[in-house]
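Take a look at the structure set out below.
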Amino acid sequence: MEGLAAVRARLAAAEAAAGRPAGSVALVAVSKEQPEARVRAALAAGQRRFGENRVQEGEARWAALAPAFPGVELHLIGPLQTNKARAAVARFDVIQTLDRPRLARALADLAAARGALPRLFVQVNTGAEPQKVGVLPGAADAFLAEVRAMGLAVEGLMCIPPAGHDPVPHFRLLRSIAATAGLAGLSMGMSDDFEAAVAEGATVVRVGAAIFGPRAGAGAVRGR
Ligand SMILES: *Cc1c(COP(=O)(O)O)cnc(C)c1O
């Protein structure tokens, strides 16, 4: 898998350039809308963390694939509707898109019923874009307090900077909100900008096209 090898090399170089330990940044391979052959090639090359942006697509693909590859860790990186929370909790190891009280309440209820939950990141809409989900930067502190009061443990924050803008101010904003809230996890950086995200402290990067090649069809820009 050429793309994967190249991204691993870029990530290692970015860690070294930032003076951070090798392997300290988790690479989530974003497999949404990719053909299964490419996903299997990444699995064969040892990749175990994958990201999907839709609950149903993730379920359809990984119900069969995950049991065959021990250690697979699945991240939900797309918007989560409250009525799909149960399905998401059953399939995903990490939910990166917690963004509103109603969803937090649904997750807290599921935690009470199941005794465990996926790891959670809160998505912040750092660009305050109307078409994007995520809590607004100015509301993040209050939302995090509300989520914690429900007994939910949040590991970190996630953002998707506006397309066509310098992402660095968005990475810095996310880092500063996380620092204020005492959160260690920062999920930021995609194919075009993950080195910059690593320089700004990313602990998780989400990389699709640079690993797998372009996605099929019009869905290629979904999520940006
Ligand atoms: C699609 C997607 C990615 C990966 O984007 P690439 O540009 O293909 O690396 C990362 N994060 C989210 C939330 C996405 O929806």
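Just a few scattered comments:
- Here MET150 and ARG48 are evaluated by their C-beta separation; at R0 = 41 Å the FRET efficiency comes out at 0.85.
- Residue by residue, the stretch 145-157 carries 3J(HN,Hα) couplings of 5, 5, 5, 5, 5, 7, x, 8, 8, 9, 8, x, 10 Hz when phi is fed to the Karplus relation 6.51 cos²θ - 1.76 cosθ + 1.60 (θ = phi - 60°); x denotes Gly or Pro.
- Between ALA17 and ALA90, the contour length at 0.36 nm per residue exceeds the alpha carbon distance by 22.5 nm.
- Förster radius 35 Å - calculated FRET efficiency between ASP166 and ALA112 (Cβ-Cβ, nearest 0.05): 0.25
- In this simple spin-label approximation, ARG119 and ASP141 carry label points 7 Å from Cα along the Cα→Cβ vector, and these lie 2.7 nm apart.
- For LEU98, the residues 5 or more places off, or on other chains, whose built amide H falls under 5 Å of its own are PHE121, GLN123.
- Applying 1/(1 + (r/R0)^6) with r as the Cβ-Cβ distance of ALA63 and ALA6 and R0 = 45 angstrom yields a FRET efficiency of 0.90.
- Value of relative contact order over the stretch 2-212, rounded to a whole percent, pairs C-alpha under 8 Å and six or more apart: 22
- Computed [θ] at 222 nm, deg cm²/dmol, the chain (DSSP H ≥ 4; -39,500 (n - 2.57); rounded to nearest 500): -12500 deg cm²/dmol
Throughout, read-outs are computed from the coordinates displayed, never taken from laboratory work. Quick caveat: nothing in here was measured; it's all calculated off a predicted structure. Don't worry about glycine lacking a Cβ; one is built from the backbone with ideal geometry, like all the others, and counts go over all protein chains shown.
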